[in-house]
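> Take a look at this one; I'll ask things after.
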Amino acid sequence: MDIINQSVSLYKKTSIQEARFDEEAKLSEGGKKGALVTVTKTSSPKNNPQENQTLTNKSTGEILSLKKDRDYRSDRWALKSVVGDILPKCRTSKCMVLRAPDPVKGGLRDIEVCKSDKLQKAFYQGLYACGDIWNCPICAAKVSERRRNELKTALVLAKDKGWGIHFVTLTFPHGAGDDLTDILSKMTKAYGKLSSGKYSVKEQLKKLSPESEIFGFIRALEVTHGENGFHPHVHMIVFTNKETESGLLDFVYYRAWVRACRLAGLPEPSRLHGCHVQDGSFAADYAGKWGIEDEMTKANQKQAKNKGLTPWGLLRCILDGDDLDYPPKRAIGLFLVYSAAFKGKRQLYWSNGLRKLLGLQKELNDQELAQKADDEAAYTLATITVEQWKAIRKCKAEVMILNIAESNPLLITSVINNFVLSSGDAGPHSMGEGVPFYGGRGPTR
Ligand SMILES: [Zn+2]
């Protein structure tokens, strides 16, 4: 057995039980440079019911929370490869495939495996990140993790200022035959009307209760798919002075939302489902979970369906191919409709002036957040050559490399050095910017 197969065996063991670090020396010594990689399978993206487990590096004392993090990462890479298959021309198909341009030296960056002690995880540096939060599960997770932290910070700062915090949910009746692009565009018009003119929520609130005041809001756009077709909706965290009560805000929002939907050409929202204003504890709960995709994609299908499938849930149905309600052909069609409708839409919007009021810096865009290093203080464990990266991708071993970097960092160079292509594998593509290495991007299964 060559070193890669030994490494894979070790990796599989470390995923479910304490790592055997005493294996490292033996494996490192046994590594033979230039051996042809014969990895045929990495980790399964399928959900594993086992609970999260921790791993302690006996030499450094580092504690790694491996099981869930690894399952989620493996899932994200697998789901991203589905997007590459069904939307081969979108920029997500090049994400974590091509090298990123080097803004300092010019040319393209080196591909590095970095490790962060602070985050207790490994990640790639120097690869292009698409930043498409609607299409790319990898970039979406990265961007939402950063935005989630900002949401939480905003809530803490608002609380410190003694502000009132409210959680608003807005939706409208919809059906399976609706055109998503059409209803999404009408909904965008509708929520725009909530903050403009004399019928805006702010003005109407002031009219009813002069002592009440809205300081600003953060609005998040979301969508799920269920029995009644696509369900686009918005959640808002609304910041007010402490005199403003959620009950009053509920009344004002509902009235304004009904008017806005009517003017935008949407069906009238019901009092029961169309508008909810809840207190700050719901906002905190929402902010704490925002963008965490596992609830929908990793829960069992039945549970997920009660809430509606997220776009990542659709990708999962394509990958697994075993859902009776969402067979792959249907799930692909729905994902393509969703992708086209949400292209260019803003997922999270901070009302004008709110960040300044809270003392927060200017917001980075999705692309900037996605391309940013996971941890600026991370160190480089290994540099991967172009040929090695081609071989790693060919073996679909991208996730395995990161897992080994986390659990067996001393092994990583030996493992990477053993990834080489046989003479016929390189194919016609170069490592040039904008050109994938090779066409095959099947799911990492
Ligand atoms: Zn991406």
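The values are calculated or read from the model by the stated rules, or taken from the named source; none is laboratory data. The structure displayed is predicted, hence computed values, not measured ones. Neighbour counts are summed over all protein chains in view; Cβ atoms, including those assigned to glycine, are modelled from backbone coordinates with ideal geometry. Ligands, DNA and RNA are excluded from the accessible area calculation, which covers all protein heavy atoms including side chains. Shrake-Rupley method; radii C 1.70, N 1.55, O 1.52, S 1.80 Å.
> Taking H placed 1.01 Å from N in the peptide plane, check which residues at least 5 places from Asp323 or on another chain put their amide H under 5 Å from its amide H.
When sequence neighbours closer than 5 places are left aside, there are no close amide H contacts.
> If you count only protein heavy atoms with a 1.4 Å probe, what accessible area per residue comes out for the range 163-351, rounded to a whole Å²?
The answer is 46 Å² per residue.
> With every atom except the alpha carbons ignored, what do you get for Rg and Dmax of the range 163-351, in angstroms?
Cα radius of gyration and Dmax of the range 163-351 are 17.5, 57 Å respectively.
> Between Arg109 and residues 5 or more places away or on another chain, which pairs have amide H atoms under 5 Å apart, with H built 1.01 Å from N, and which residues are they?
Amide H to amide H, under 5 Å and 5 or more residues apart or across chains, Arg109 pairs with Ala100, Asp102.
> Hey, another quick one. Can you give the net charge of the other residues whose Cβ lies under 11 Å from the Cβ of Gly288, counting K and R as +1 and D and E as -1?
Neighbour charge sum, excluding Gly288 itself: +2.
> Can you give me the Cα centroid spacing of the range 328-362 and the range 99-163 in angstrom?
Between the Cα centre of the range 328-362 and that of the range 99-163, the gap is 16 Å.
> Enumerate the calculated ³J(HN,Hα) couplings along the range 332-340 in order (Karplus 6.51 cos²θ - 1.76 cosθ + 1.60, θ = phi - 60°), each rounded to whole Hz, writing x wherever the residue is Gly or Pro.
Residue by residue, the range 332-340 yields 5, x, 5, 5, 5, 5, 4, 4, 5 Hz.
> Related question: Strictly over 29 Å apart at the Cα level, which of Lys80/Lys329; Lys193/Lys372; Lys142/Lys345 would you flag in this model?
Pairs exceeding 29 Å: Lys193/Lys372.
> A further question on this structure: Which one of Thr310, Tyr253, Ser200 is farthest out on the positive end of the charge dipole of the range 163-351, using unit charges on Cβ (Lys, Arg +1; Asp, Glu -1) and the Cα centre as origin?
Ser200
> Moving to a separate point now. Considering only protein heavy atoms and a probe of 1.4 Å, how much of the accessible area of the range 85-200 is carbon and sulfur, as a whole percent?
Ligands and nucleic acids excluded, carbon and sulfur reach 50 percent.
> Related question: Would you kindly derive the ³J(HN,Hα) couplings of the range 389-397 from the backbone phi angles with the Karplus curve 6.51 cos²θ - 1.76 cosθ + 1.60 (θ = phi - 60°), listing them in order in whole Hz, with x for Gly and Pro?
For the range 389-397, the Karplus curve yields 5, 4, 5, 4, 5, 4, 7, 6, 9 Hz.
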